[in-house]
Amino acid sequence: MNMKYLTLTCILTAVLGVWSSAQAQTKTLYVGMNGGTMEKNYTSGIFPDFEKANNVKVVVVPGTSSDIIAKMQAQKDKPQMHVVFLDDGVMYRAVNMGLCEKVRDTPVLKDLYPFARLANDQAVAVDMGVVGIGYNKKMFAEKNWPAPTSWLDFADPKYKQKVVFQSISSSTFGLYGFMMYNRLVGGTDKNVEPGFKKWPTSVGPNVLEYLSSSAKISEMIQTNEAAIFPLTVTAIANLKAKGIPAEFVTPKEGGVLLMVGACALKNNSEPDLSQKLIEYLLSVPAQTKGMEMAASIPVNRNVKLTEAAQAKLGGKTEVLTKNMNTIDWDSVNEKRTEWNNRWNRMVEQ
């Protein structure tokens, strides 16, 4: 055999062997999370550094929090996902069902705001927001209306057929808006009777449409159908960045803390990599990118809001989280199915 040919063959074999070995070592992590903007931001700006550092491919399984937790339950014995992102209320349900592995104790946990450590570290928030009132700035200017100031403003007769409200059965924003209204009319997180009783004659007549998600709100602002709606300061910032005339206000009774939690699934096939991903998501680089790309409020105290982020969100973290309300998720989740059925039967009939 020609020596030159033999040498070339050996080199090619070695190269292919190395390439095949590298390919074989590349693992895949499946992450359940909201699709759309969140998926785009994470896949384009946040996951790539982790993928490169750990020779792993992160694949998003898109869906609402309700979709994702349904998959978690169906796949409980043999999870097809490794890490999930869920709205905080749904995350507490997942934890109570025993679907989450405890977050590994690493130094970065000590850098988080205390409220970002969920359910005795069974899960952890990766970003946070504030739910308040969003409003159509163009419509308000045309009608010479002052900016809304209270959760009770959803019941103001001047907004008849101009309120857009998310369904409490499918949206945390809608649930928060209803819970705050319920508190102001005499209810508590354990007693929603006042809210359900008064809604049909107060807020109900003002509602143009109940939405299963907030995606349609941007369109309804531009068509001048929507006047006010529950939304986060982050979502409003993203709408404004697209030129949509939306504005955010923190009601005088305070906004509501909303967090997106992450947890590694119990019995998943890559427990170590799953924990590494969560640790990375809490790090200063990942939290900084989340702030810059999505105007999210960092949960790592070492990441301060930049001037650009403050301009988008309307203030420092301390200002945005002042007079913050929280929800008693244990009480809510205990009765959530019953409330959802009642809402669907009585409110959205």
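The values are calculated or read from the model by the stated rules, or taken from the named source; none is laboratory data. Values in this document were obtained by computation on a predicted structure and should not be read as measured data. When we count neighbours, we look across all protein chains shown, and the Cβ atoms used for this are built from the backbone with ideal geometry, even at glycine. What goes into the accessible areas is simple: the full protein's heavy atoms, side chains included, and nothing from ligands, DNA or RNA. Shrake-Rupley method; radii C 1.70, N 1.55, O 1.52, S 1.80 Å.
Kindly indicate which of 67, 49 is touching a residue at least 40 places away in the same chain (Cβ under 8 Å) and open to solvent by 60 Å² or more (accessible area, probe 1.4 Å). Quick ask: steps written out before the conclusion?
Working: 67 fails: touching a residue at least 40 places away in the same chain (Cβ under 8 Å).
Every option except 49 fails the conditions.
Working carefully through the options 159, 176, find the one that is crowded, with 24+ Cβ neighbours inside 10 Å and among the hydroxyl-bearing types (Ser, Thr, Tyr).
176
If you take the residues of segment 77-98 that are in contact (Cβ under 8 Å) with a residue 60 or more places away in the chain and assigned to a loop (DSSP other than H, G, I, E, B), which of them is nearest to residue 288 (Cα to Cα)?
Out of the qualifying residues, it is 82.
When segment 54-82 is examined, which residues are found to be out of contact with any strand residue (DSSP E or B) (no Cβ under 8 Å at 6 or more places or on another chain) and among the aliphatic types (A, V, I, L, M)?
Residues satisfying the conditions are 70, 74.
Would you check which residues across segment 233-256 are modelled with pLDDT under 90 and not polar (S, T, N, Q) and list them?
To start, the set of residues in segment 233-256 that are modelled with pLDDT under 90 comprises 233-235, 237-238, 241.
Selection gives 233, 235, 237, 241.
Yes or no, residue by residue, for (1) farther than 30 Å from residue 199 by Cβ; (2) open to solvent by less than 60 Å² (accessible area, probe 1.4 Å); (3) touching a Gly at 6+ places or on another chain (Cβ under 6 Å):
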site: 239; (1), (2), (3): no, yes, no
site: 286; (1), (2), (3): yes, yes, no
site: 308; (1), (2), (3): yes, no, no
site: 344; (1), (2), (3): no, no, no
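Need pairs with beta-carbon distance below 7 Å; first residue touching a residue at least 12 places away in the same chain (Cβ under 8 Å) and within segment 188-202, second surrounded by 13 or more Cβ atoms within 10 Å (Cβ to Cβ) and outside any helix (DSSP H, G or I); sequence gap 6+ or separate chains.
Short answer, once both residue conditions are applied: 189/327; 194/185; 194/187; 195/185; 195/187; 198/185.
Considering only helices (runs of 4 or more DSSP H) fully contained in segment 236-349, which possess at least 2 residues that are touching a residue at least 60 places away in the same chain (Cβ under 8 Å)? Working first, answer last.
On the way: elements: 271-281, 284-294, 307-313, 317-320, 329-342.
Output list reads 271-281, 284-294, 307-313, 329-342.
Could you please tell me which pairs satisfy a Cβ distance under 6 Å, a separation of 6+ or placement on different chains, a first residue in segment 160-177 that is in a loop (DSSP other than H, G, I, E, B), and a second residue that is open to solvent by less than 10 Å² (accessible area, probe 1.4 Å) and not hydroxyl-bearing (Ser, Thr, Tyr)?
From segment 160-177, the pairs are 160/206; 162/227; 167/174; 168/174; 168/175; 168/178; 168/343; 169/343.
I'd like the full set of residues that are open to solvent by 10 Å² or more (accessible area, probe 1.4 Å) and either closer than 20 Å to residue 89 by Cα or part of a strand (DSSP E or B) (or both), limited to segment 105-152.
The answer is 113, 114, 115, 117, 119, 120, 121, 122, 127, 135.
Does residue 77 count as open to solvent by 40 Å² or more (accessible area, probe 1.4 Å) and modelled with pLDDT under 95?
In short, yes.
In segment 205-229, which residues are in a helix (DSSP H, G or I) and either touching a His at 6+ places or on another chain (Cβ under 9 Å) or surrounded by fewer than 17 Cβ atoms within 10 Å (Cβ to Cβ) (or both)?
Hits for segment 205-229 are 205, 218, 219.
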